1. If each Cα of segment 199-335 is one equal point scatterer, what is log10 of I(q)/I(0) from the Debye formula at q = 0.19 Å⁻¹?
2. Report the Cα centroid-to-centroid distance between segment 242-268 and segment 57-100 in angstrom, as an integer.
3. Given (1) 1.06; (2) 1.00; (3) 0.96 as candidate values of Cα Rg over 2.2 N^0.38 Å, which corresponds to the one derived from the coordinates?
4. On the principal axes of its Cα set, how long, how wide and how thick is segment 180-247? Give whole Å, largest value first.
5. Run the simple label-point estimate for Lys119 and Lys327 please: 7 Å along Cα→C-beta, distance reported in nm.
6. By its C-alpha gyration tensor, with a ≥ b ≥ c as the square roots of the eigenvalues, how is segment 135-277 shaped: rounded for a/c under 1.5, else prolate for a/b larger than b/c, else oblate?
7. Among Gln209, Trp223, Ala170, whose Cα lies farthest out toward the positive end of the dipole of segment 137-268, if unit charges sit on the beta carbon of Lys, Arg (+1) and Asp, Glu (-1)?
8. Given 20 °C and 1.002 mPa s, how large is the Stokes-Einstein diffusion coefficient of segment 203-283 in µm²/s, with Rh as the Kirkwood radius over Cα pairs?
Amino acid sequence: MKKALITGITGQDGSYLTELLLEKGYEVYGIIRRSSTFGTERIEHLYQDPHNHPKLRLIYGDLTDGGNLSTILSDIQPDEVYNLGAQSHVRVSFDQPIYTVNVDALGTLRLLEAVRMMKKPPRFYQASSSEMYGKVVETPQTEKTPFYPRSPYGCAKVYSFWQTVNYREAYNLFACNGILFNHESPRRGETFVTRKITRAATRIKLGLQEKVYLGNLDAKRDWGFAGDYVEAMWRMLQADQPDDYVVATSQTHSVREFLDEVFGYLELDWEKYVEIDPRYFRPTEVDVLLGDASKARKVLGWLPKVTMKQLARMMVEADMKLAQDEKVIKEHRAK
């Protein structure tokens, strides 16, 4: 039975990857940070499922603590390590640049060092990001497109990308970078624009909210489904040779188009409910991201299955259930 260790297991990607690996018969170990609240909502259904016990185990740890990471790896002896842990919000990285770099850049280096020190180093996956392209120098972006990051988050991810390449070449590690373009789901954090929109639209539909405040509506992104993208991560670590891959749908849509899709599905006119708030503009904007995933298709046999329209509807339907539950509670309290 293969063992996998996941940092960032409680996040969107971590939860979908955990589902995939458990289905494939893995023992899955997840590193979680100690905090005053349990942030395990996304994996609760997996953790409490008797069929998965004890195949899913959570361990306290932190990407800022290299010694602790070495101990965890030594104890578990995993076959595969997926580094998904990060301060992953681009706008927040401008507010907390040093923390972002400590976790997203140096955290990767600490983990790579812990992997390198093992007698039998596991295969290593690094969650790289389309934000590394930033102010893009060509469209679409491929594995060979030069990076031009436009945020502390993007800069930290570039550092991690090159450290992963360096450790692969210097120490012969099986280490891969997945350059994932924007990927969303009903499990996306509510501060990210797609989820912010679907959450707000469903609440507006049920009279629980009046407005939603957004930033740049003209930003264009290559949006895919997180459940599809974690399969690409897994495929990278099953390949004969380690390499770096763009993971994307190869289609781009603006925030306006996403608004059209979501509010249109709910038979609402978004222009009546959306207000622009300058606080949500980034100091340096990334205008257009569009990935060319032909290498992943050719080498890994990976293809995205969910379109942006399907994704938007999937998220609306999930958030409508949340809004309906919220309305029932509100009405019950009013009695």
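Derivation of every value follows stated rules applied to the coordinates shown; laboratory data play no part. Computed from a predicted model, the values in this text were never measured in an experiment. Methodologically, a virtual Cβ is constructed for each residue, glycine included, from the backbone with ideal geometry; neighbour enumeration extends over all protein chains shown.
1. -1.11
2. Using only Cα atoms, the two centres lie 28 Å from each other.
3. Matching the structure shown: (2).
4. Largest first, segment 180-247 extends 54, 24, 13 Å along its Cα principal axes.
5. Rounded to a tenth, the inter-label distance reads 6.2 nm.
6. Numbers: a/c = 2.74, a/b = 2.19, b/c = 1.25.
Because a/c hits 1.5 or more and a/b exceeds b/c, segment 135-277 counts as prolate.
7. Of the options given, the answer is Gln209.
8. Value of D from the Cα-based Kirkwood radius: 138 µm²/s.
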